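A short worksheet on the structure shown next.
Derivation of every value follows stated rules applied to the coordinates shown; laboratory data play no part. This one's a predicted model, so the numbers in the text were calculated from it and none came from an experiment. Cβ placement follows ideal geometry from the backbone for every residue including glycine, while neighbour counts extend to all protein chains displayed.
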Amino acid sequence: MAHVEDGERLGKGNLTLPDVVAQSVGYMGPVFSGTFFIPAIVGLGFAGRGAGIATPVAILLTAIGMLALAWIISRYAKRIHAAGALYDYVGEGFGKPVGLFAGWVYYGGAMMLTLAIGLAFGGFVSLTLLGVHDVHINWIWFTLAFWIVAWAISVLGVQISTRAQLILALVSVAIVFAWAVYVVLKGGSSGFSLRPFNPSESSFKGITYGIVYAGLIFVGFESAANLAEETAEPKRNIPRAIFYSVLAAGVFYVVLAWALVLAFGLNVAELLKNFPPLYVATANPDFGGDRFSELVQWLVVIDIAAVGLGTATGTTRGLFALARDRHLPKFLSAVHPRFKTPYLAATFVAIAAIVVALIVRISSGLAPGTPTDPPGHWFPIFQFGATIGAFLIFVVYLLIALTGFKGQPGENRAGLAVAGVIAGATAIAALYGVVYKAPPVYWFDKIWWLSLIWILIGIGVVLVAKSRNNLESHAPPIPD
């Protein structure tokens, strides 16, 4: 997209490869996602079906689809270095109007994820204190504290955020991964087995349903691209971060799923009966015991904090990019004179998240009949926000996959087309999984048409921009 010189510039490129990998991994939240989404892949999703024992196969196939998507995105990331990321990539592939539409949809989804994750942090801290230490403190206080700290980190510098994510994610992932490897080598509760990698242990339909839900655990892998303007050697570091993040997360999820299936003796019914299975499995004296299970519960909380920082960082830069390109109020594109961060966009995100949290707390969950006992009335609102956010992001993943058929300068067109087919099929499966047999409670059955409303508003935004001849990017060019 064309560049002009009147846009605000973020801080100069000081971020390194570990920083941007941390952004992508932190956004995905492997420990948190693995704990609460792997059971859906096994068979606890809306459809009531899943891959069962062969869950590692479903995750492995999904990882291949996400690697195909990561390949397409990484090719764009070699050439386009802007905070808008996927918004600019789709614009490069299908033209500026479609790019703006993608930005509206993508960052709408990212904002929903961001608003939801603060509820999860406060809620799970409160639940963990209650369950582990019998201490009751209302979740709202932890949510408010999280957003105050996250706002300060966002304003003071993105490197603080990425280093915090690196430490938080590294600790939680390393410990849980080591546990999973130990369980696999020990052979679980019924001996070492490779049966989880045999597709015939499930059915074609079962593995398909597993893939339908498995896409959700990879959401956010591309968020490193939002930091391109602030990264040293973005042409090299951003593509690597995107690809390495999917690869690392894929290995982690496959091994964790394998360990969980073995820990429950290849008994799917037993695994699904004990939710979340990671907490129950680690409490087993053969695989850790109560003390270790308590540690794992705190590791999940730590990982949620990393997710929150990741979503806040990505969303803030997306709003900044849209405002810089004059599609959102101009104040959101302001850069702090000292820290060179999008501080007003960060302030807007933090205030919005705090307001939502207070509304949820005061209204007891925004919906009649929302439970007030554990997990608490915050939980269905978190589920709804995370689900609709993931749905909107997968709409843009599908657009990115389709750009594979357009080709890119200097790239193998046939290879990109094949990647587009694989990535597109994975994106469609994930979209299907969000809406198929969604229960008519807490608005889950309304996600598709609420998303459609947001999409239609996005089309209106594009039409207005075209009428004003305002589809140029105003991002300053970044030297390689």
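What to note about this one:
- Relative to the longest principal axis of the Cα atoms of the chain, the long axis of helix 158-186 lies at roughly 30 degrees.
- Of (1) 26, 59, 15, 0; (2) 23, 52, 21, 3, 0; (3) 19, 42, 33, 6, 0, the label for P(r) over Cα pairs in 20 Å bins from 0, in percent derived from the coordinates: (1)
- Checking every one of the chymotrypsin sites (Phe, Trp or Tyr not before Pro) in segment 214-264 against DSSP loop status and a limit of 16 other Cβ atoms within 10 Å picks out no site at all.
- Segment 84-205: C-alpha gyration tensor shape, a/c 1.5 cut-off, then a/b vs b/c: oblate
- A protection proxy built from the mean count of other Cβ atoms within 10 Å ranks the segments 448-455, 352-359, most packed first, as 352-359, 448-455.
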